1. Please find, among A134, A104, A124, the residue that is loosely packed, with under 14 Cβ neighbours inside 10 Å, among the hydrophobic types (A, V, I, L, M, F, W, C) and under 26 Å from the mean Cα position of the chain (by Cα).
2. Can you pull out every residue in region 246-278 that is open to solvent by 20 Å² or more (accessible area, probe 1.4 Å) and either among the acidic types (D, E) or assigned to a helix (DSSP H, G or I) (or both)?
3. Out of all the residues in region 288-309, is one or more under 22 Å from the mean Cα position of the chain (by Cα) and without any contact (Cβ under 8 Å) to a residue 60 or more places away in the chain?
4. Any residue that is open to solvent by less than 20 Å² (accessible area, probe 1.4 Å) and among the β-branched types (V, I, T) - is there at least one of those in region 354-374?
5. Could you grab me the full set of residues in region 49-76 that are assigned to a helix (DSSP H, G or I) and either touching a Cys at 6+ places or on another chain (Cβ under 7 Å) or surrounded by fewer than 16 Cβ atoms within 10 Å (Cβ to Cβ) (or both)?
6. Residue by residue through region 83-110, note down the ones that are in a loop (DSSP other than H, G, I, E, B) and of a type in the set (G, A, S).
7. Among the residues of region 331-349 satisfying the criterion of being outside any helix (DSSP H, G or I) and in contact with a helix residue (DSSP H, G or I) (Cβ under 9 Å, 6 or more places away or on another chain), which is farthest from S199 (Cα to Cα)?
8. Being surrounded by 19 or more Cβ atoms within 10 Å (Cβ to Cβ), among the small types (G, A, S), touching a Ser or Thr at 6+ places or on another chain (Cβ under 7 Å) and modelled with pLDDT of 95 or more, is that true of even one residue in region 279-299?
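The values are calculated or read from the model by the stated rules, or taken from the named source; none is laboratory data. It should be emphasised that the depicted structure is a prediction, and the values quoted were computed from it without experimental measurement. Cβ placement follows ideal geometry from the backbone for every residue including glycine, while neighbour counts extend to all protein chains displayed. These area figures cover heavy atoms from the full protein model, side chains too; ligands, DNA and RNA do not enter into them. Shrake-Rupley method; radii C 1.70, N 1.55, O 1.52, S 1.80 Å.
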Amino acid sequence: MNYNKMTVDDLAAKGRRVLVRCDFNVPQDDSGNITDDKRIRESLPTIRALIEQGARVILCSHLGRPKGEFNMKYSLAPVAKRLSELLEKEVVLAGDVIGEDAKAKTAALKDGEVCLLENVRFHAEEEKNDSDFAKSLALMADFYVNDAFGTAHRAHASTAGVANFLPAVCGYLIKKEIDIMGRALSDPKRPFVAILGGSKVSDKIGVINHLLDLVDIIIIGGAMAYTFLKSWGGNIGASRCEDDRLEYAREMIIKAKEKKVNLLLPIDHVCARAFSPDAEAVTFTSVSTCTGIEDGWMGLDIGPLTRTLYDKHIKDAGTVVWNGPMGVFEFDRFAEGTRAVALSLAESGAVTIIGGGDSAAAVEQLGFADRMSHISTGGGASLEFLEGLELPGIACLNDK
């Protein structure tokens, strides 16, 4: 896939209407107040650039899961309010998406003005990538800009379909994502280390398989490690395990050896008898590749020996990509492994890329965000990018 895409800088946007797909899917409290505006702030460089060019800016996004119906619980009104504050200029909110109010308000825009359409997922046609719905969106604009990396792996009407009807380019956020992650995968500074965690091997099958052809070291943590350990004869107690993925895990261990990739698994484990933040924690140490977790105990975090082992390889790395926590980091008692890995990345001299999702949340929560080279704004999109898959929301954009 060609990631050398045209950008907003390639548009002659003055006086033209530009439809921009953003990712404004922000968390809110029960009263509808935005609790984290990071995704809104990430969109500002692209929006400001278009305003400065004299474009007539039409923004669109989804929020939540309204299931194809107008449900004002998922209205973008709080986003329009916050955007107006951040841009220090009014962002007009249309009362619909492709209806009469949207048409009237976008047609009335003057150079440098901004309108936000209502939630595109108020229409079931959005997620079906309905051609007529995409065309209706496109008829309001002269150009299309995709700056929503978090949804770039979805072939929806507003993320891909509109590119069939308008010249299509990427915004600065998508440009940054594909430049940094693309460079890491195609020409990494070595040693190249991938850290993969989380609960399921099945979520990372394609990623592991793809990365084994690219990296020097793969570090495994989280509950998915127990599928690997059991596949190699380990005693994992009551730890979570995908028994239907044991053969796959064993194949990956063998493939790593054949590729001369150092695949590292935990050598000690912080365990509990119950999945609870208050559960008694006990550390069990592995013998060779076989864990010594006793029956009735489940591994909920990597232990101190593993943290030290992983730290050494992270500190020696040239490039590190991290996706997935090392344990149940939502529970303080089982967050030390994730915290240790985050600190190792922060203190390393490597190019450090956090692949969105729980890893990004952990880095933010633990206070290390400003010490990472790049934190991806996409969870599923980042995983598919690392897997080497074509992302529809990027493939549809015009090549340079």
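1. Details: A134 fails: loosely packed, with under 14 Cβ neighbours inside 10 Å; A104 fails: under 26 Å from the mean Cα position of the chain (by Cα).
Every option except A124 fails the conditions.
2. L246, E247, Y248, R250, E251, I254, K255, K257, E258, K259, D278
3. Filtering region 288-309 for residues under 22 Å from the mean Cα position of the chain (by Cα) gives none.
No, there is no match, as no residue in region 288-309 is under 22 Å from the mean Cα position of the chain (by Cα) and without any contact (Cβ under 8 Å) to a residue 60 or more places away in the chain.
4. Checking region 354-374: at least one residue is open to solvent by less than 20 Å² (accessible area, probe 1.4 Å) and among the β-branched types (V, I, T).
5. The initial filter retains those residues of region 49-76 that are assigned to a helix (DSSP H, G or I), namely 49-53, 72-74.
E52, M72, K73, listed by residue number.
6. In the first step, residues of region 83-110 are kept if they are in a loop (DSSP other than H, G, I, E, B); the result is 88-90, 94-99, 108-110.
Hits for region 83-110 are A94, G95, G99, A108.
7. Of region 331-349, the ones outside any helix (DSSP H, G or I) are 331, 335, 348-349.
Checking the rest, the ones that are also in contact with a helix residue (DSSP H, G or I) (Cβ under 9 Å, 6 or more places away or on another chain) come to 335, 348-349.
Numbers: A335: 14, S348: 26, G349: 28 Å.
Residue satisfying both the conditions and the ranking: G349.
8. yes
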